[in-house]
1. Report whether or not PRO97 is in contact with a helix residue (DSSP H, G or I) (Cβ under 9 Å, 6 or more places away or on another chain), in contact (Cβ under 8 Å) with a residue 24 or more places away in the chain and buried (at least 17 other Cβ atoms within 10 Å of the Cβ).
2. Here are some residues: ARG43, ARG60. Which one is out of contact with any Gly (no Cβ under 6 Å at 6 or more places or on another chain), within 30 Å of GLN212 (Cα to Cα) and at pLDDT below 95?
3. Please pick out the residue among ALA82, ALA48, ALA72 that is within 21 Å of THR131 (Cα to Cα), small (Gly, Ala, Ser), in a helix (DSSP H, G or I) and touching a helix residue (DSSP H, G or I) at 6+ places or on another chain (Cβ under 7 Å).
4. Only residues that are surrounded by 12 or more Cβ atoms within 10 Å (Cβ to Cβ), in contact (Cβ under 8 Å) with a residue 12 or more places away in the chain and not small (Gly, Ala, Ser): list them for region 105-125, please.
5. Taking region 60-70, which residues are more than 14 Å from ALA219 (Cα to Cα) and surrounded by 15 or more Cβ atoms within 10 Å (Cβ to Cβ)?
6. Which pairs have Cβ atoms under 7 Å, sit 6 or more apart or on different chains, and link a residue in region 211-237 that is under 22 Å from SER57 (Cα atoms) to one that is at pLDDT 95 or above and not hydrophobic (A, V, I, L, M, F, W, C)?
7. Would you confirm whether or not region 141-151 contains a residue that is at positive phi and modelled with pLDDT under 70?
8. Kindly provide the set of residues from region 99-131 that are in a helix (DSSP H, G or I), within 14 Å of the chain's Cα centre (by Cα) and of a type in the set (Lys, Arg), ordered by number.
Amino acid sequence: MAAASAAPRKMPPPQQEQQYPPPLMSSSYSDDMAAFYAAWAVREEELAAALTSALPSRRRDALVAAALDHVAAYYEHKSRLADRDVVAALDPHWLNPLERTFLWAWGWKPALVFRFLNSNSAELEALRAATSAAEREVEREVAAVQESLAGPRVLAALRRQAPARRDGEPAAAAHDDAVDAVGRVLRVLLGSADALRERTVRGVVALLAPDQAAAFVAAMLTFHISVRRAGRDWSSSAHHG
């Protein structure tokens with residue numbers, strides 16, 4: 001037995017979680033998302049730099065986990081926005097024009113991440129094939145929703161929501177079950193597409209050795225950072241040109 005006078009072991013201080021801005025007190029939920037994304041992008045750059053410098057060290061595993069949680073935080077915040085205002089979630093104005101050129105089903109195409117791999121295996125090929133099949137299913141469902149938007153009930157409801165109504169009621173008062181149903185389907189589709197994006201990234205990491213996983217995640221984050229910076233610079237040049 002240990003001596004009673006032995007000093008208690010000092011516990012390491014808990015890791016501080018990344019803090020993002022609280023929701024804005026605003027009628028525009030998308031403003032909240034824009035503020036969140038600005039802070040999220042700063043943290044992304046910190047994680048990418050840390051991963052790059054820690055590739056040969058033991059810190060890489062913790063950093064890979066932190067980066068995956070960081071990606072998940074973006075989708076979680078966007079999901080909360082979609083719960084409150086699905087239309088705002090489908091129009092990601094917080095992304096710059098260049099970032100928006102990569103949009104597929106309102107986000108990055110899941111299969112894009114396979115371009116950041118420096119290795120291959122039967123398991124990765126199987127995941128790539130499964131991801132492609134899931135992408136095609138999402139595309140079919142999006143096409144079906146687009147067709148339903150042109151249906152007679154939805155078109156009639158949209159006409160009733162014109163800015164000016166003869167009875168003087170505001171346009172927002174004109175609701176229709178068909179329009180609400182389309183909104184619910186869009187919310188489900190957005191969630192499915194984002195879940196596929198996150199699931200694909202985590203699936204790739206799970207199939208890689210630790211050093212490969214760190215290099216993969218660093219390359220993925222660095223690519224997005226480069227796209228965001230280029231788009232920001234081009235937008236700034238266009239405004240001052």
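The values are calculated or read from the model by the stated rules, or taken from the named source; none is laboratory data. Note that the coordinates shown come from a computational prediction; the quantities given were computed from them, not determined experimentally. Virtual Cβ from ideal backbone geometry, glycine too; neighbours counted across all protein chains shown.
1. Criteria not met by PRO97.
2. On inspection, the qualifying residue turns out to be ARG60.
3. Among ALA82, ALA48, ALA72, only ALA72 is within 21 Å of THR131 (Cα to Cα), small (Gly, Ala, Ser), in a helix (DSSP H, G or I) and touching a helix residue (DSSP H, G or I) at 6+ places or on another chain (Cβ under 7 Å).
4. Pass one, region 105-125, residues surrounded by 12 or more Cβ atoms within 10 Å (Cβ to Cβ): 105-114, 116-117, 123-124.
When the remaining residues are screened for being in contact (Cβ under 8 Å) with a residue 12 or more places away in the chain, the result is 105-111, 113-114, 116-117, 123-124.
TRP106, TRP108, LYS109, PRO110, VAL113, PHE114, PHE116, LEU117, GLU123, LEU124, listed by residue number.
5. Of all residues in region 60-70, those more than 14 Å from ALA219 (Cα to Cα) come to 61-62, 65-66, 69-70.
Matches in region 60-70: ALA66, HIS70.
6. LEU221/GLU44
7. no
8. Initial filter on region 99-131 (in a helix (DSSP H, G or I)): 99-100, 110-116, 122-131.
Then keep just the ones that are within 14 Å of the chain's Cα centre (by Cα); that gives 99-100, 110, 112-113.
Matches in region 99-131: ARG100 only.
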